[in-house]
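Scroll down for the structure; my scribbles are underneath it.
The values are calculated or read from the model by the stated rules, or taken from the named source; none is laboratory data. Just so it is clear, the structure is predicted and the values come from calculations on it, not from any experiment. Please note: Cβ atoms are built from the backbone with ideal geometry, for glycine as well, and neighbour counts cover all protein chains shown.
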């Protein structure tokens, strides 16, 4: 198993395994409404979950670091101006 830490991205990758990206949000009382943020994130393919994370995105194929970073850019663009801060964790979906 390879493990690399890059900014707020923690990536675990096992060859041939599908990946999942988990998303954790921090809302500002001066920012966007959670229901609006939810709609925007669901349009990116995220599903709301209960537990340690707020959302999960299930990749349809194995991904590399560039794919994950580009997806992080999409998340940032989607949340820009909402006052929401976020953290992602992308892991081998086989063990999740």
Inset, instruction - Would you check which residues across region 1-44 are at pLDDT below 50, under 17 Å from residue 71 (Cα atoms) and assigned to a loop (DSSP other than H, G, I, E, B) and list them? - result: 7, 8
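Go through region 65-75 and give me each residue that's more than 13 Å from residue 92 (Cβ to Cβ) and in contact with a strand residue (DSSP E or B) (Cβ under 8 Å, 6 or more places away or on another chain).
Matches in region 65-75: 65, 69, 71, 72, 75.
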Legend entry - Check on residue 59, surrounded by fewer than 16 Cβ atoms within 10 Å (Cβ to Cβ) and either touching a strand residue (DSSP E or B) at 6+ places or on another chain (Cβ under 6 Å) or modelled with pLDDT under 95 (or both): no
Inset, instruction - For residue 32, work out the one condition from (1) closer than 18 Å to residue 90 by Cβ; (2) touching a residue at least 12 places away in the same chain (Cβ under 8 Å); (3) over 14 Å from the mean Cα position of the chain (by Cα) it doesn't fulfil. - result: (1)
Legend entry - Residues of region 45-71 that turn out to be at positive phi and not in a loop (DSSP other than H, G, I, E, B), as a count: 0
